[in-house]
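*Asks:* The structure's right below; bear with me while I get my questions together.
The values are calculated or read from the model by the stated rules, or taken from the named source; none is laboratory data. Small disclaimer: the values here were computed from a predicted structure and weren't measured. Every residue, glycine as well, gets a Cβ built from its backbone with ideal geometry; the counts of neighbours run over all protein chains shown.
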Amino acid sequence: MPAVQETIEQVKEIDVDKYKYGFVTDIEMELAPKGLSEDIVRFISAKKEEPEWMLEWRLDAYRRWRTMEEPTWARVDYPKIDFEDLYYYAAPKSSPGPKSLDEVDPELLETYKKLGIPLNEQAVLAGVEGARVAVDAVFDSVSVVTTFKDELAKSGVIFCSISEAVREHPELVKKYLGSVVPSTDNFYATLNAAVFSDGSFVYIPKGVRCPMELSTYFRINEEKTGQFERTLIIAEEGSYVSYLEGCTAPMRDENQLHAAVVELVTLDDAEIKYSTVQNWYPGDAEGKGGIYNFVTKRGDCRGKNSKISWTQVETGSAITWKYPSCILRGENSRGEFYSIAISNGKQQVDSGTKMIHLGKNSSSRIISKGISAGRSQNTYRGLVSAHRKAAGARNFTQCDSLLIGDQCGAHTVPYIESKNSTAVFEHEATTSKISDDQMFYCQQRGMSDEEAIALIVNGFVRDVIQQLPMEFMAETQKLIGISLEGSVG
Amino acid sequence: MLEIKNLHANVDGNEILRGINLTIKPGEVHAIMGPNGSGKSTLSYVLAGKDDYEITEGEILFKGENLLEMSPDERAAAGVFLAFQYPIEIPGVATMTFLRTAMNAQRKARGEAELNTPDFMKIVKQKASELKVSPEMLKRPLNVGFSGGEKKRNEIMQMALLEPSLCVLDETDSGLDIDALRVVSDGVNALRSPERSMLVITHYQRLLDHIIPDVVHVMSAGKIVKSGGKELALELEENGYADYVNAA
């Protein structure tokens with residue numbers, strides 16, 4: 001694992017605070033007035049030049065949200081969020097919507113360059129910049145640029161911001177938006193439906209294997225601003241797409257809210273592979289600042305033999321509340337969830353998945369690796385259920401927790417419900433600690449504390465790392481080392 | 001190379017080492033024999049810098065430096081190697097990955113450049129074949145599911161790769177059959193050189209038939225109670241430790 005060495009190098013380069021994406025972009029922004037009201041919803045809708053039906057959908061959600069209560073069942077603890085003290089729309093003045101690359105504010109391009117996000121198509125094609133990936137870059141509430149759109153269009157693939165899709169492809173949006181996560185789903189999903197700002201829209205036509213990786217990169221910059229991303233991916237019959245999501249935010253003393261909704265739909269024989277590397281600012285070692293990440297992600301395997309695979313690497317955020325799930329509706333459909341959740345400092349993670357088996361012979365697999373260090377709390381919460389018609393449903397779940405130090409916590413809360421006697425569900429769970437003997441053995445061979453921990457943890461998460469797209473494996477191994485910096489001693 | 005002076009060490013308040021004096025010169029191989037519980041393994045851990053031991057008196061000089069002030073990884077980079085009696089398992093970490101991380105960590109600590117992949121592979125393949133370590137074993141997670149013989153061969157292979165100047169072998173013969181003992185001993189003997197010293201800890205004479213020591217020490221109740229040439233080991237094999245245990 002050559003990455004281990006580099007990890008240590010990187011850790012050393014980072015200043016007192018280890019979060020390397022913590023810089024702020026100084027750019028003129030347009031903000032909606034603080035607080036939430038019907039007027040704000042109208043303001044956002046108008047900014048995005050949305051049709052009337054979209055506005056109505058938002059307003060319905062808004063009215064419903066007003067009657068809802070924040071959920072409290074997760075094992076996380078934080079002061080009550082004042083939803084009236086937030087900005088719900090923030091956009092760089094220069095970039096109210098996606099443009100072609102040469103029209104984008106250089107300050108924004110510089111930001112993404114610093115983050116290591118390849119936006120320059122020529123450089124990507126020439127192999128100068130990173131992997132061959134098409135990127136949708138979302139800055140606070142708006143998508144600032146989407147690369148390789150034209151190239152993708154040649155294969156019939158639509159890849160654009162959701163705002164653009166609402167205007168340009170209303171028939172698809174109307175048909176699928178809210179069809180997996182209804183606007184009434186839960187407190188945060190409903191809030192998102194009312195005020196969602198930007199996110200990506202992907203449509204893969206019948207029989208097409210998307211010619212490149214697609215990726216959206218979310219950046220929260222503005223203070224006291226909520227980011228409400230909304231992503232919708234549709235894979236028609238027999239199609240395939242691999243999609244990656246990345247996230248960072250500046251270091252700020254206040255908490256910032258991120259409440260996203262992601263909906264995936266696969267029709268017959270289609271497959272979506274959705275990978276996330278979540279590296280929002282986690283707050284400092286004392287728990288000050290950091291992102292509150294309340295996310296609803298759900299995929300619907302609507303067609304027979306369809307497949308949805310979630311892979312997530314969660315290292316950031318002060319609070320993570322996130323359960324990427326699969327509704328296995330189609331016969332023979334398959335859902336997968338591979339997760340690495342790392343918590344350090346005072347981070348709190350409550351994350352897991354739901355595999356809802358409706359179709360005959362549907363199958364699912366869950367591999368969850370939780371790593372807790374510092375004074376963090378890390379909970380796996382998962383549901384596996386079989387409907388009475390889901391004959392032959394199968395699930396395999398493996399939940400492993402690793403503890404570093406003696407002030408953190410790991411918790412596993414599995415829910416298993418079967419209404420069909422032919423369903424077979426297996427659940428395995430382990431909890432372990434990095435032993436003093438393992439540390440000493442590595443040190444005796446010349447490794448420092450940090451090198452030893454990075455090596456042992458990378459071994460622990462190996463099964464999941466292998467599920468990531470090639471180009472993100474090395475990146476993730478480094479990230480793991482950095483996230484656990486300062487976890488011993 | 002190594003000078004241990006009046007070394008006293010406690011574990012949980014119990015004194016295990018009670019005044020060890022030992023000097024090993026470059027190129028020498030010393031054997032320490034003694035009954036169970038005499039403090040042999042404790043001495044090896046104290047040399048390597050394990051946490052659980054409290055040094056109450058005495059000092060250890062390694063190449064003239066105060067070893068007790070160095071952290072375990074600093075000692076490793078300075079050239080102290082401990083072949084463990086019970087090598088530790090690290091799930092998910094391929095043996096090859098472990099070797100590479102260890103070698104590069106030491107090189108870096110000494111201010112040397114890291115090995116590139118082709119060079120590293122070449123060295124590992126050569127050392128592995130000398131110790132009959134299969135390429136398949138190099139891919140398996142470190143020590144996980146290894147047989148006793150595989151674990152010990154892996155220890156000696158690491159020793160060969162890291163090229164330490166002081167090798168401490170803690171009961172390397174335990175759990176080995178005759179054939180494995182030969183492979184391991186050949187591996188150790190191949191590493192003998194005028195610049196390298198070894199401290200071989202064992203219960204039994206049979207290892208010393210293969211790795212012939214310059215000096216043999218008998219340890220009992222935390223002290224070295226007798227030192228002699230290689231013939232001392234034979235005498236112990238004959239008469240047992242009883243005399244020395246009683247003497248201590």
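*Asks:* Being more than 9 Å from every other protein chain (Cβ to nearest Cβ) and either aromatic (Phe, Trp, Tyr) or in a strand (DSSP E or B) (or both) is the filter here; which residues of segment B:64-96 pass it?
*Replies:* B:65, B:66, B:83, listed by residue number.
*Asks:* Here's another thing I want to ask about it. What are the residues in segment A:379-391 that are under 17 Å from residue A:365 (Cα atoms) and assigned to a strand (DSSP E or B), if any?
*Replies:* A:380, A:381, A:382, A:383, A:384, A:385, A:386
*Asks:* In the list A:394, A:375, which residue meets the criterion of being over 30 Å from residue A:454 (Cα atoms), of a type in the set (D, E, K, R) and over 23 Å from the mean Cα position of the chain (by Cα)?
*Replies:* A:394
*Asks:* Go through B:200, B:215, B:168, B:225 for me and flag whichever is surrounded by fewer than 22 Cβ atoms within 10 Å (Cβ to Cβ), in contact with a Ser or Thr (Cβ under 8 Å, 6 or more places away or on another chain) and within 22 Å of residue B:5 (Cα to Cα).
*Replies:* Working: B:200 fails: surrounded by fewer than 22 Cβ atoms within 10 Å (Cβ to Cβ); B:168 fails: surrounded by fewer than 22 Cβ atoms within 10 Å (Cβ to Cβ); B:225 fails: in contact with a Ser or Thr (Cβ under 8 Å, 6 or more places away or on another chain).
Being surrounded by fewer than 22 Cβ atoms within 10 Å (Cβ to Cβ), in contact with a Ser or Thr (Cβ under 8 Å, 6 or more places away or on another chain) and within 22 Å of residue B:5 (Cα to Cα) holds for just one of B:200, B:215, B:168, B:225, which is B:215.
*Asks:* In segment B:95-105, is there at least one residue being buried (at least 22 other Cβ atoms within 10 Å of the Cβ), in contact with a Cys (Cβ under 9 Å, 6 or more places away or on another chain) and of a type in the set (A, V, I, L, M)?
*Replies:* Checked segment B:95-105: at least one residue is buried (at least 22 other Cβ atoms within 10 Å of the Cβ), in contact with a Cys (Cβ under 9 Å, 6 or more places away or on another chain) and of a type in the set (A, V, I, L, M).
*Asks:* Six or more apart or on different chains, Cβ under 8 Å: which pairs go from a residue in segment A:447-464 that's more than 7 Å from chain B (Cβ to nearest Cβ) to one that's surrounded by 23 or more Cβ atoms within 10 Å (Cβ to Cβ) and of a type in the set (D, E, K, R)? Could you list them?
*Replies:* A:461/A:369; A:463/A:369; A:464/A:369
*Asks:* Okay, moving on. If you scan segment B:79-93, which residues turn out to be modelled with pLDDT of 95 or more and either among the small types (Gly, Ala, Ser) or farther than 21 Å from residue B:142 by Cβ (or both)?
*Replies:* B:79, B:83
*Asks:* Anything in segment A:460-479 that is within 18 Å of residue B:105 (Cα to Cα) and crowded, with 22+ Cβ neighbours inside 10 Å? List them, or say none.
*Replies:* Passing the criteria: only A:477.
*Asks:* Could you please find all residues in segment B:40-63 being within 11 Å of chain A (Cβ to nearest Cβ), touching a residue at least 12 places away in the same chain (Cβ under 8 Å) and among the charged types (D, E, K, R)?
*Replies:* B:50, B:52
*Asks:* Out of all the residues in segment B:39-56, is one or more crowded, with 19+ Cβ neighbours inside 10 Å, part of a strand (DSSP E or B) and not basic (Lys, Arg)?
*Replies:* The answer is no; no qualifying residue exists.
*Asks:* Within segment B:200-248, how many residues are without any contact (Cβ under 8 Å) to a residue 24 or more places away in the chain and β-branched (Val, Ile, Thr)?
*Replies:* Total satisfying the criteria: 1.
*Asks:* Does residue B:121 count as modelled with pLDDT under 95, away from chain A (no Cβ under 11 Å) and crowded, with 19+ Cβ neighbours inside 10 Å? Don't jump to the end; show me each part of the working.
*Replies:* On the way: modelled with pLDDT under 95: yes; away from chain A (no Cβ under 11 Å): yes; crowded, with 19+ Cβ neighbours inside 10 Å: no.
Taking the combined requirement at face value, the residue does not satisfy it.
*Asks:* For the subset of segment B:139-157 comprising residues that are touching a residue at least 40 places away in the same chain (Cβ under 8 Å) and within 21 Å of residue B:31 (Cβ to Cβ), which member is nearest to the other protein chains (Cβ to nearest Cβ)?
*Replies:* In this case the residue turns out to be B:155.
*Asks:* Here's another thing I want to ask about it. Among the residues in segment A:349-358, are any part of a loop (DSSP other than H, G, I, E, B), in contact (Cβ under 8 Å) with a residue 60 or more places away in the chain and crowded, with 24+ Cβ neighbours inside 10 Å?
*Replies:* Checked against the condition, which is being part of a loop (DSSP other than H, G, I, E, B), in contact (Cβ under 8 Å) with a residue 60 or more places away in the chain and crowded, with 24+ Cβ neighbours inside 10 Å, segment A:349-358 yields no hits at all.
*Asks:* Additional query: So which of B:136, B:130 ends up being more than 14 Å from chain A (Cβ to nearest Cβ), in contact (Cβ under 8 Å) with a residue 24 or more places away in the chain and among the acidic types (Asp, Glu)?
*Replies:* From the options B:136, B:130, the qualifying one is B:130.
*Asks:* Also: Looking at segment A:134-246, what helices (runs of 4 or more DSSP H) fall wholly within it and have at least 1 residues that are free of Cβ contacts under 8 Å to residues at least 60 places away in the same chain?
*Replies:* Answer list for segment A:134-246: A:149-153, A:162-168, A:170-176.
*Asks:* Restricting to segment B:106-118, name every residue that is buried (at least 20 other Cβ atoms within 10 Å of the Cβ) and more than 8 Å from chain A (Cβ to nearest Cβ).
*Replies:* Scanning segment B:106-118 gives no hits.
*Asks:* Of all residues in segment B:129-154, how many are over 17 Å from residue B:175 (Cβ atoms), in a helix (DSSP H, G or I) and in contact with a Pro (Cβ under 7 Å, 6 or more places away or on another chain)?
*Replies:* So the count comes out to 0.
*Asks:* Right, another one. Of all residues being surrounded by fewer than 18 Cβ atoms within 10 Å (Cβ to Cβ) and of a type outside the set (S, T, N, Q) in segment B:1-17, which is farthest from the chain's Cα centre (by Cα)? Just the residue, please.
*Replies:* Checking each candidate, the answer is B:13.
*Asks:* Is there a residue in segment A:414-431 that is closer than 30 Å to residue B:107 by Cα, within 14 Å of another protein chain (Cβ to nearest Cβ) and either more than 25 Å from the chain's Cα centre (by Cα) or touching a residue at least 12 places away in the same chain (Cβ under 8 Å) (or both)? Explain how you work it out, then say what you get.
*Replies:* At the first step, the residues of segment A:414-431 found to be closer than 30 Å to residue B:107 by Cα are none.
No - not one qualifying residue is present in segment A:414-431.
*Asks:* Another question about this same structure. Any chance segment A:318-340 includes a residue that's small (Gly, Ala, Ser), closer than 20 Å to residue A:454 by Cα and in contact with a Phe, Trp or Tyr (Cβ under 6 Å, 6 or more places away or on another chain)?
*Replies:* The initial filter retains those residues of segment A:318-340 that are small (Gly, Ala, Ser), namely A:318, A:325, A:330, A:333, A:335, A:339.
Right, trim to closer than 20 Å to residue A:454 by Cα and you get A:339.
Now restrict to residues that are in contact with a Phe, Trp or Tyr (Cβ under 6 Å, 6 or more places away or on another chain): none.
No, there is no match, as no residue in segment A:318-340 is small (Gly, Ala, Ser), closer than 20 Å to residue A:454 by Cα and in contact with a Phe, Trp or Tyr (Cβ under 6 Å, 6 or more places away or on another chain).
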